[in-house]
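In what follows, a structure is listed as structure tokens, so that the remarks can point back to it.
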Amino acid sequence: MGFGNDFVWGAATASYQVEGAAYEDGKGLQIWDVFCKDPGNVFEGHTGDVACDHYHRYAEDVKMMKEMGLKAYRFSISWARIMPEGTGKVNEKGLAFYDALIDSLIENGIQPYLTLYHWDLPYELYKRGGWMNPDSVNWFAEYAKVVVEHFSDRVLHYFTFNEPQCFIGHGFLIGEHAPGLKCPVTDTFLMAHHVMMAHGKAVQAMRAAAKQPIQIGYAPTGSMAYPASNREEDIEAAKKVLFACPEDIKGWAWNVSWWSDPVMLGSYPEEGLKKYEKYLPAIKPEDLKLMHQPLDFYAQNIYNGNAVRCSEEGKPEFVLRPVGAPKTAIQWPITPECLYWGPKFLYERYGKPIYITENGLSCHDAVSLDGKVHDPNRIDFLARYLHYLKQAVEDGVNVKGYFQWSLMDNFEWAKGYSDRFGLIYVDYQTQQRIWKDSAYWYRDMIKENGKNL
Ligand code: IFM
């Protein structure tokens, strides 16, 4: 068995992390353009002004994707590039860039998978209150309509939001990401409510505007939980933890069920409604109805997880990782099991085909004396994680595709260029792309459709 012949092997990026051309061709400002200007916000004052210069080098990048055998490329649209003020006027030059990228992908046999929002809120909308403003629901739907009207003759797969956990949690609660605010918890629940309504309204607008049937999903993230053993009690304990609502209120956004239940099931989780009661906005039945639009698939970004067991008292408890357990350069734990149990639990709960829309790691990559980039740790990571994903598929989890994060090294938000997540190494001084060993490994793995995993 294993992966079906139609399994979608891909790689992902996001607009601000790779495009550059931050002030070109009529693009409007977005919150990261502004945030990066202030000393101290981003590692060593890095910005995404140039990033990987994908805006000018997309043709070369698509060529690499083809050589790698990618079936699909997941990228995001910069909202402010095509609607400089967020609403109203459309910037034809912005559309032209994505037209050229999409056409080039299709000519090379690579399916475009388009994310509407990967964290770069137009600055003009931020000035109007951003996600705090109830009008944000309509702004996002208007933008979604423009995108689908224009691209749905060629693009069939869409994601509304990428990782709402991060852009609300890191951006508006902890303040480590743009726009760098530490808002009251109450405000962040209101923003989350609007984001999920915006998702729903956008889905309606997209279906109405589509020139042919399109497929739409949603791409949240979260730490997975996996059982410490195959005991039934441990499996149940892990599942409980995965969908639990965190106690730590400042960490509430790091939550799977709060962000996914309304969208996938039409209700907020009971546990969260009780726990977070004093912070919540008025929740109207029609809001939940709007959030809960029929979707074609569920997507999840999965990087790591925690082992959980059932304690002697019958309660879920985390199992400490052994001293010296492996971790990535960015200090995230390496826990391949999460790519079996995460999709399995999510599929059981939400019942939709699943895409893994991000998975990967940063390594301390460097060009060696032989001019190559040797990254055995990335190959080992991928082999282990994909082995578990394959098992999930074999056990009946309907996984449609997998997108490696990331196609190439890029701007890692507050960490600037200090963390390298790519299959392709980018020399930021010359913009030279160098295939890491893992890129060749990924190419070969795709060629054999994961048979040797
Ligand atoms: O680079 C990010 C991406 O933008 C969102 N998901 C996690 C990646 C690695 O941190």
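Points worth noting:
- Y402 vs. criteria open to solvent by less than 10 Å² (accessible area, probe 1.4 Å), touching a Leu at 6+ places or on another chain (Cβ under 6 Å) and within 16 Å of the ligand (Cβ to nearest atom): no
- Leading residue by the ranking (nearest to A325 (Cα to Cα)) among those in the stretch 353-374 that are away from the ligand (no atom under 16 Å from the Cβ) and buried (at least 23 other Cβ atoms within 10 Å of the Cβ): V373
- If you go through the stretch 105-136 and pick out every residue that is open to solvent by 10 Å² or more (accessible area, probe 1.4 Å) and among the aliphatic types (A, V, I, L, M), you end up with 2.
- When the residues of the stretch 151-174 are filtered to those that are touching a residue at least 60 places away in the same chain (Cβ under 8 Å), within 18 Å of A210 (Cα to Cα) and away from the ligand (no atom under 16 Å from the Cβ), the one that is surrounded by the most Cβ atoms within 10 Å (Cβ to Cβ) is H157.
- The one condition from (1) open to solvent by less than 70 Å² (accessible area, probe 1.4 Å); (2) touching a strand residue (DSSP E or B) at 6+ places or on another chain (Cβ under 8 Å); (3) away from the ligand (no atom under 14 Å from the Cβ) that R378 does not meet is (3).
- Filter result for the condition that a residue is in contact (Cβ under 8 Å) with a residue 60 or more places away in the chain, surrounded by fewer than 20 Cβ atoms within 10 Å (Cβ to Cβ) and closer than 24 Å to G180 by Cα, over V42, V34: V34
- Selection within the stretch 169-221 - among the hydroxyl-bearing types (S, T, Y) and in contact with a Cys (Cβ under 7 Å, 6 or more places away or on another chain): T221
- Of the residues screened, K240 is not one that is away from the ligand (no atom under 16 Å from the Cβ), under 23 Å from T188 (Cβ atoms) and surrounded by fewer than 18 Cβ atoms within 10 Å (Cβ to Cβ).
- Considering only residues in the stretch 406-417 that are away from the ligand (no atom under 11 Å from the Cβ) and under 19 Å from K372 (Cα atoms), the one that is surrounded by the fewest Cβ atoms within 10 Å (Cβ to Cβ) turns out to be M408.
- Meets criteria (away from the ligand (no atom under 16 Å from the Cβ), open to solvent by 30 Å² or more (accessible area, probe 1.4 Å) and within 30 Å of C363 (Cα to Cα)) for R321: yes
- Of all residues in the stretch 9-31 being of a type in the set (F, W, Y) and in contact (Cβ under 8 Å) with a residue 60 or more places away in the chain, the one that is surrounded by the most Cβ atoms within 10 Å (Cβ to Cβ): Y16
- Residue in the stretch 426-439 that is within 16 Å of the ligand (Cβ to nearest atom), open to solvent by less than 10 Å² (accessible area, probe 1.4 Å) and touching a strand residue (DSSP E or B) at 6+ places or on another chain (Cβ under 9 Å) present: yes
- Any hit, the stretch 57-71, residues being crowded, with 24+ Cβ neighbours inside 10 Å, at pLDDT 95 or above and under 28 Å from E142 (Cα atoms): no
- If you go through the stretch 45-56 and pick out every residue that is open to solvent by 10 Å² or more (accessible area, probe 1.4 Å) and under 22 Å from the mean Cα position of the chain (by Cα), you end up with 6.
- Scanning the stretch 1-54 for residues that are more than 15 Å from the ligand (Cβ to nearest atom) and in a helix (DSSP H, G or I) returns D33, V34, E44, G45.
- Close contacts from the stretch 248-260, counting a first residue that is surrounded by fewer than 19 Cβ atoms within 10 Å (Cβ to Cβ) and a second that is among the β-branched types (V, I, T), with Cβ to Cβ under 6 Å and a gap of 6+ residues or different chains, come to I249/V185.
- Residues located in the stretch 193-211, provided they are open to solvent by 10 Å² or more (accessible area, probe 1.4 Å) and either in contact with a Ser or Thr (Cβ under 9 Å, 6 or more places away or on another chain) or not basic (K, R) (or both): H194, M197, Q204, A205, A208, A209, A210, K211
The values are calculated or read from the model by the stated rules, or taken from the named source; none is laboratory data. All values reported here derive from a predicted model rather than from experimental measurement. Because the Cβ atoms are built from the backbone with ideal geometry, glycine has one as well, and the counts that use them run over all protein chains shown. Accessible surface is based on the protein model in full, side chains and every heavy atom, while ligands, DNA and RNA are left aside. Shrake-Rupley method; radii C 1.70, N 1.55, O 1.52, S 1.80 Å.
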